[in-house]
Each structure stands twice: as structure tokens, then as C-alpha cells.
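Please read the structure below before turning to the comments.
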Amino acid sequence: MYRVCFVILHYLSSETTVECIESVFNAIPQSPQIPYHIVVVDNGSPNDSYTKLQERYRLHPAVTLLQASENMGFARGNNMGYRYALEEEQADFVVIANNDTLFFQPDFLESMVRLYERTSCALMGPDIYNVGGYHQNPYREQPISHEALRRWIRNRRLWLWFLRLDRYLRLTSVFPFFRKFYMGRAAAGRPDNIWEQAREGVVLQGACILFTPGFCETFREYAFYPETFLYCEEDILALLCSRRGMKILYEPSLKVTHKESVSTGLTAASAWERDYAFTKNMLKSLKILKRLWEKGF
């Protein structure tokens, strides 16, 4: 028998998180062979959304609600739920999913277990497709190279300086091609993937990653490297597994839907503030990835 925990990181939107939780219950039956539990981590939401979740699920036997005192970011927020899943629920598999992810495949857990027993992989990634029909896995066909990493850090640093100037000089309104050029270069970093084929050694999209016993038995303290706040978690995870000879598998027979960035849209920040926060956090994470790439961990 294997025990499974779903870890769902919640922020701001209780309706979105409820939809995710209920999609699991509606699609995946509980079974004595593969029982599952859902751990929801409120990542310091500054509204009443956690209270709403408590009202709905506090007496539910298959749901545990955890609350962080502040927004810890993607990695540490998910790690809080991951540790609880291993220590309190004795989970063998941990499915970490964004709260805007929906499950609808009845044999999701059975298929996951069969694939693990056949491949002994450390991580598994399902076919993740958004409401527009775009398939988001694999996130990258192979881990980022050191040369590409240095180039991305340089470009992000230049864009951060541009945003600082833009706040006062309104450069994007005078020279709109700057933003178009930069966004075009960013989009070119991930070419169209071939989502129909299962494969190994890819970088998985972070909206839903399956951590198997091959990973959980080795890494008890964290699923994602805890120094980042946002971004590059997938690339760091791929580097971690590569350095330790741990297998990463993308498997399109496992499927989920990703609604994307619902909680982000609820924030009151201006477009400039969102751009600046994104670029600043991305640059910080890229530097952490570069340090780990060069020194090992």
C-alpha cells in the first residue's frame, strides 16, 4: 500500500483553492490500496480566504489546513506542506500542485504508482494543459546550460535597470519597442515542446509535480530548494536530480488542467510594480541557480 498526499499552496482566492480540492475528491476515489490526504498551506494570505477554507474543511477527515504567518514564497510555502505530508501523514508520494490546477482523471494515482514501479523515477510530471489548450510540459527539453544562464542573468539585470528608469522617465511609452523586444527574447527561451511523447531528463513545469518514494526517501527537509522566493524552482530541482543521478520522467498519460495565475490577478499592484517584482525575484533566483550550478549542492 502507498499513501499519497496532495499539497496545495493557497494564496488569496478561496474559490480557486476549493475548486482544486473538489476536483480531486470528484475525480479520484479513495481506495484502501492508495489512500490519499490533502494538505492545504495558506501562504500568509492578507484577506479572509483562510477563514473561509477553515469554515468549509476544518472537520473534513481528508483535509488538513496549515497557515504560514507570512508569504514565504513558492518554495518554502510548498516545503511546509511537503514536510507535514512526510512527517505527519507518512506519505510515500507527494503531489505538489498549484491551487489553480484541476484534476479529472480517475486512475491518476494508480497510473502514477505503476509508472513509478516500472521506472523507479524520482519525479514525474503530467501533461499540463491550460484552458487555451496549450500543453505546458515539459517546461524545458533539457536543463539550462551554464552559458544560457549567464546570458539570462545579464538580460534580466539590464531589464531591471530599464524598469527603474522607466518608473520616472516613462520610457516604455516613448520607446514601446523596448518592451516588445524584451518580451520576445523571454518567450524565445522555451521553444514549443513535444508534449505527446514520454521522456526522461526534462525540466518539469512547477504547476504540478509528483514526488515519488525515490525522492521523498532521500530528501526529507524540502521538495524545492528553499532560498528562492519565486521562479527557477523547476530548474533548480532538475539540477538537484541530475547531480544525484535521479531520474525525472514526463508522462503524458497523466493529465491535469492549469487555469493559471488566478491569485496573481487579485493583487492590487500596478503593471510596473508587477514587472519590477517579477524581474527582481527572477534575477535573484537565476543567481542562486548559477551559484548552485557552479559550486554544486
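The values are calculated or read from the model by the stated rules, or taken from the named source; none is laboratory data. This structure is a prediction, so every number in the text was calculated from the model and none was measured. With ideal geometry, Cβ positions are generated from the backbone for all residues, glycine too; neighbour counts draw on all protein chains shown. These accessible areas exclude ligands, DNA and RNA; they are computed on the full protein's heavy atoms, side chains included. Shrake-Rupley method; radii C 1.70, N 1.55, O 1.52, S 1.80 Å.
Figures for the structure shown
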read-out: Conditions (1) hydrophobic (A, V, I, L, M, F, W, C); (2) open to solvent by 40 Å² or more (accessible area, probe 1.4 Å); (3) outside any helix (DSSP H, G or I); number of the one not met by I128; value: (2)
read-out: Residue match in the range 33-56 (condition: in contact with a Pro (Cβ under 6 Å, 6 or more places away or on another chain) and at pLDDT 95 or above); value: no
read-out: Boolean, L230 is closer than 21 Å to Q136 by Cα and touching a helix residue (DSSP H, G or I) at 6+ places or on another chain (Cβ under 8 Å); value: yes
read-out: Residue in the range 263-274 that is open to solvent by 60 Å² or more (accessible area, probe 1.4 Å), at pLDDT below 95, in a loop (DSSP other than H, G, I, E, B) and of a type in the set (A, V, I, L, M, F, W, C) present; value: yes
read-out: Within the range 199-212, tally of residues that are farther than 14 Å from I128 by Cβ and either β-branched (V, I, T) or open to solvent by less than 60 Å² (accessible area, probe 1.4 Å) (or both); value: 4
read-out: Of all residues in the range 69-90 being more than 16 Å from E221 (Cα to Cα) and within 18 Å of the chain's Cα centre (by Cα), the one that is most open to solvent (accessible area, probe 1.4 Å); value: N71
read-out: Every residue from the range 224-253 that is in a loop (DSSP other than H, G, I, E, B) and in contact with an Asp or Glu (Cβ under 9 Å, 6 or more places away or on another chain); value: F224, Y225, K247
